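Q: Handing you a structure now.
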Amino acid sequence: MIQNILTGLNAKQKEAVEAIQGPVLIVAGPGSGKTRVITHRIAYLIKTWDIHPRRILAVTFTNKAAREMEDRLFGKGEKDSVTPLLSYSMRGQLTVGTFHAICARFLRIDGHHIGIDRNYTIYDDGDRLSLIKRALEQLMLDVKTHPPRPIQYAISEVKNKLLTPEDKASQSESYFDEVRQRVYEKYEQLLNDNNALDFDDLLMKTVQLFEAHPEVLAKYQSRYLHVMVDEFQDTNLVQYTLVKQLAGKHRNICVVGDPDQSIYSWRQADIRNILSFERDYTNVKTIYLEQNYRSSQTILEAADCIISANISRKEKALWTKNQQGAHITVAELYDEREEAQYLVSEVEKLISTKRYKLTNCAIMYRTNAQSRAIEEAFIRYGLPYRLVGATKFYDRREIRDILAYLKLVNNSADSIAFLRIVNVPPRGIGQKSIKELARVATDNEISLYEATRRLVAKNERTSLVKKFKVFLDIIDELMAKAKNTDAAGLIDLVLMNAGYKDYILTGEAGEDRLDNAMELRAVADDFADLGPEGSLAALLEGVALVSDVDNLDEKIDAVTLITLHKAKGLEFPIVFIAGMEEYLLPHIRSFDNAEQMEEERRLCYVGVTRAKERVYLVRALRRHMMGVSSSNEPSRFLDDIPEKLIGTPQQPKVHKGFLKAGDKVRHETFGDGIIVASFPAKDDQEITVAFKGGVGLKRMMASMANLERI
DNA sequence: CGAAAGGCTCTTTTT
DNA sequence: GAGCCTTTCG
């Protein structure tokens, strides 16, 4: 059974779905059914206008969003909970994905036109930092005087703004700019030597490919009759250019976005792209989706009060038919520990009403560092949580090691991969040996792998050569077997033949790490039907381009802990925003810049508008940041919410769970005392208090004791 | 050569 | 307070 495509849409949504010709700009407020419009629009093109799915390109912000879109359109093939819009047989024909994933695919196919090998490696953040460090080393520059991180930002900025290195060079002023320039050039050379592209290259090189080879661009232009881009407010210049190129022929381009939710300017995203859009394309049809289906009246009103304080913004009138709903809760706690305990106990309260499940609750915060205190509280109380993206799966050592083996097999020029595993497991190859090998490589202008081959081929019986031969044999065997072994099979070989399994098992938490390795193997196995070469390429590419939210597993009943940035695009019945303080939200780094301050406000707006039913804005008076404790004023954003929308929570004299050793308290009969110990106990706290005046030690439950803090 | 210990700088947000 | 790098010792 297939749904009718236009039923159940409101007038504006219908208009957006039916506007299939020419440039269309959909300004979609939070909760306005944006995803629905996009999927229905695609279904409408395919079903009503008989457009072949192969001729549609849809760009999403995360892989997860891409997957969900496909699920909604074509179903999952199993027993679907929602009726798909189209038949399952069409699945896989549409081009959907993030800019990065789509460009990676283009370059795999057509990169050779601009000298990109089809087996190129994608370097992630860590890899590019290593490469910058190596560039500094080779230029004999000190890492301390030239920290790699800012250099990387600068390079990234250049690439995302489509400046050539020369552009940047011409405007360089200081000594540091000049150094940066030299590092940039060296870095590019190293990338090239390693047959590798960084994240930004994926986009920039695609634009360059299209510029240099109009015939390649023409191929894609003709194919993609319809182009759609989600989260358009967060596109940067490369992305904007790419879209312009691809839609250049048919000009059926539909972009969806909300300027008020633009929160990635630090990644060179530019809200002005929305304005440029109306300028660059003639006869743009602009449609505003203003009816909100997600949040209560109260939440929407509060959100509007927050965002309205931004000066540079287009007025928008969001409205909803939803109920007034509960008041916004604003809570103030002593420090981040108490804040965390408060969050846990509020979640427990909500759960105990049986109206909500843990999955319905999300705790959002500005910085990743804030998650620790919250996690600790959840662990103490034994409440399940899911932390989006702290220790990323693919960042784990064992995963990176195994992937390095696979990367080297796939691309022998990848020296970052080579160096990572040449001595893992230990083969007695240390600094000195590697220095020697590196000399051979630079002298002959060959990769480290090639250098190893030459060294071993000389057949000298030195211990150095013997050690390298052991490693070379392992890699060569993997390379040989890779011709008829798929990615999962290669992982088995790394574990067994390369001795990696024994190696991790002897180390700390060996079993867990082996479990992780097997999880990676399971991921690889998903690509099995692509055959030996295909599965390896697909695994490496997939792994390089996943985001944290992609792996958000909703099946387990647990509270979600997530940064405000990552929360974009998600929704929850209950939203807690922790750390509603000056210097944190808004973040201290935005204080000297009015534009950045407005972005902080939008970030807050994004957080509040994730909520359907209840919002808690929580702050702490004191907070440990980078070791030291400091006190923070309440966030200015709290001042923008009118009193009438805020419900004052009935604060018990001392909230249960708030007491810690060292706190001075007063008891009705025992008098004054000091807490010497406290233990969490289910939803309460068992405390031991030393009272004055000969009363002595008393042990009591915090909720029953009726203590007053003094 | 490798493991362990101490010292250093950072944390805004991420495809 | 943690990760990363360097130094030190076996």
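Here, each number is a calculation from the coordinates, and none is a lab measurement. Keep in mind it's a predicted model, so treat the numbers as computed, not measured. Please note: Cβ atoms are built from the backbone with ideal geometry, for glycine as well, and neighbour counts cover all protein chains shown.
Q: Calculate, in nm to one decimal, what residue A:137 and residue A:113 gain on full extension: separation in residues at 0.36 nm each, minus their alpha carbon distance.
A: Contour length minus the Cα-Cα distance gives 5.4 nm.
Q: I've got another one for you. So what's the projected area for segment A:207-309, the Cα convex hull averaged over all directions, in nm²?
A: In nm², the orientation-averaged hull projection of segment A:207-309 is 8.1.
Q: With charges only on Cβ, +1 for K and R and -1 for D and E, what is the dipole size of segment A:409-461 about its Cα centre, in debye, rounded to 20?
A: 260 debye
Q: Over chain A, with a single point scatterer placed on each C-alpha, what log10 of the ratio I(q)/I(0) does the Debye formula yield at q = 0.08, 0.09, 0.10 1/Å?
A: Taken in order of the listed q values, log10 I(q)/I(0) reads -0.75, -0.94, -1.13.
Q: Quick one: Cα centre-to-centre distance for segment A:250-275 and segment A:556-602, in angstrom?
A: 20 Å
Q: If I take the Cα coordinates of segment A:121-272 and project them onto the principal axes, what are the three extents in Å, biggest first?
A: On the principal axes, segment A:121-272 reaches 51, 38, 29 Å in Cα extent.
Q: Can you list the lysines whose alpha carbon sits under 16 Å from that of residue A:159, skipping same-chain ones fewer than 8 residues off?
A: Leaving aside lysines fewer than 8 places away in the same chain, those within reach of residue A:159 are A:168, A:186, A:205.
Q: Sticking with this structure for a sec: Answer with one residue from A:441, A:155, A:543: the one whose Cα lies farthest towards the positive end of the charge dipole of chain A, charges on Cβ with Lys, Arg +1 and Asp, Glu -1.
A: Of the options given, the answer is A:543.
Q: Additional query: In square nanometres, what is the average projected area of the Cα convex hull of segment A:215-265?
A: 3.5 nm²
Q: On average over all directions, what projected area in square nanometres does segment A:301-422 have, based on the convex hull of its Cα atoms?
A: 14.1 nm²
Q: Still on this model: Only residues of segment A:45-59 count here: report those whose backbone N is under 16 Å from the spot 7 Å along Cα→Cβ of residue A:93, or say none.
A: A:45-58
Q: Please give the FRET efficiency for residue A:459 paired with residue A:189, using the beta carbon to beta carbon distance and R0 = 25 Å, rounded to the nearest 0.05.
A: Efficiency computed from Cβ-Cβ geometry: 0.20.
Q: For segment A:22-130, which chymotrypsin sites (Phe, Trp or Tyr not before Pro) are both in a DSSP coil and crowded by at most 13 other Cβ atoms within 10 Å?
A: When the chymotrypsin sites (Phe, Trp or Tyr not before Pro) of segment A:22-130 are filtered for loop state and at most 13 Cβ neighbours within 10 Å, A:49 remain.
Q: Among the GluC sites (Glu not before Pro) within segment A:259-344, which fall in a DSSP loop and have no more than 11 other Cβ atoms within 10 Å of their own Cβ?
A: Answer in residue order: A:315.
Q: Right, something else. Could you list the square roots of 5 times each eigenvalue of the Cα gyration tensor of segment A:427-479, that is, the equivalent ellipsoid semi-axes, sorted largest first and rounded to whole Å?
A: 15, 14, 11
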